[in-house]
1. Using the Kirkwood radius over Cα pairs, work out the Stokes-Einstein diffusion coefficient for segment 85-235 at 10 °C and 1.306 mPa s, in µm²/s as a whole number.
2. Hey, if you drop one equal point scatterer on each alpha-carbon of the chain and run the Debye formula without solvent, what base-10 log of I(q)/I(0) do you get at q = 0.09 Å⁻¹?
3. In degrees from 0 to 90, rounded to the nearest 10, what is the angle of the helix 128-141 Cα long axis to the longest principal axis of the chain?
4. Taking just the alpha carbons, could you work out the radius of gyration and Dmax for segment 225-361, both in angstroms?
5. Ranking 212, 136 by Cβ neighbours within 10 Å, fewest first, what do you get?
6. Could you list 21, 269, 244 so that the one with the fewest beta carbons within 10 Å of its beta carbon is first and the one with the most is last?
7. Do the sum for the chain: with -39,500 (n - 2.57) for every DSSP H run of n ≥ 4, divided by all residues, what is the mean residue ellipticity at 222 nm, to the nearest 500 deg cm²/dmol?
8. Average projected area of the Cα convex hull of segment 47-162, in nm²?
């Protein structure tokens, strides 16, 4: 297999396009609600249409993903995702956009889990948090560079254009991955009986650390995603951002996490992943609660708060993902991570719908009401996730994934 860095950079590029497609809907929220003439609850359904579909397909794929070469499975999903992204760029109604998001989610829902499985198989456990931190910089790159560029085209040429450009970039990247990434089939070549994914998933309730890892994922995702969908409308309507200033929110947060995520990974490998997760998770409560109650303040002070939200709320995912991968053996890692991604997506969909119920934007109004409620909810679920992580680490012996 080619050098670790080449593998990680390729996977990070693929994650960039996938994450960019998923994220671009959120900062377009205020614009979409105005141009498609929809309310906050309809917008939350638009966000959920992707995540819930992704969750369902992730659940289905968990039963057979470990039966395929990970490269082949990844490319199949990535090409379908690319077609769905193009479709988002050529529709002009709310119903058409929801249909396109469902198609994109159906294929995109397994991309992240497959990438994580490839990284976990290809990178030694001693450097795994670092490897995951490098791949997770795709989120930072999408925030710092992808979203500002996408929003520039959206605000100047129409909300369809980011999807058209992203579909084009994804098509080019798919060709590059096809010719560069080597086969990833170590899980298929291991001695012993063939992987029985159905039996493995059926037995998860009998393995406490595994089902607790899935519950933990649900808690952490709920605590994060209850807040995210309505950040942009809140910053515009309540904090006083101009529409074009939203790019600063993503630029500052993205640049900050480009620097911090790989270092959080190395820190976690050096001093212990549970310890680093606990520190990051506790500290993340501050920006979550401040951001969801932020009054009108100068741009620079708002960016300090949102930057801390990116660094701390996003940074806690680096050690937590490494810990979750450690509860499972390599031969079943694809199935488990697909199931884990399904839990993430379904929880994101449900939490965005709940956020749409708690948060209200009156017709013709210019104020977001109830955002503080999702902040409290996010903080509560984060605290429960911290407790759950302590239970998982007690039940998971060191190097479980490699035994």
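1. On the way: Rh = 19.1 Å.
My calculation gives 83 µm²/s for D.
2. The Debye formula, applied to the Cα set alone, gives -0.49.
3. 20
4. Answer for segment 225-361, Rg first and Dmax second: 16.8, 52 Å.
5. On the way: 212 18, 136 26.
Listing 212, 136 from fewest to most nearby Cβ atoms yields 212, 136.
6. 244, 269, 21
7. Working: 18 runs with 283 residues, N = 403.
After summing the helix terms and dividing by residue count, I get -23000 deg cm²/dmol.
8. On the way: hull surface 31.9 nm².
For segment 47-162, averaging the hull's shadow over all directions gives 8.0 nm².
We did not get these values from a lab; they are worked out from the coordinates using the rules stated. Keep in mind it's a predicted model, so treat the numbers as computed, not measured. Neighbour counts run over all protein chains shown; Cβ positions are idealised from the backbone, glycine included.
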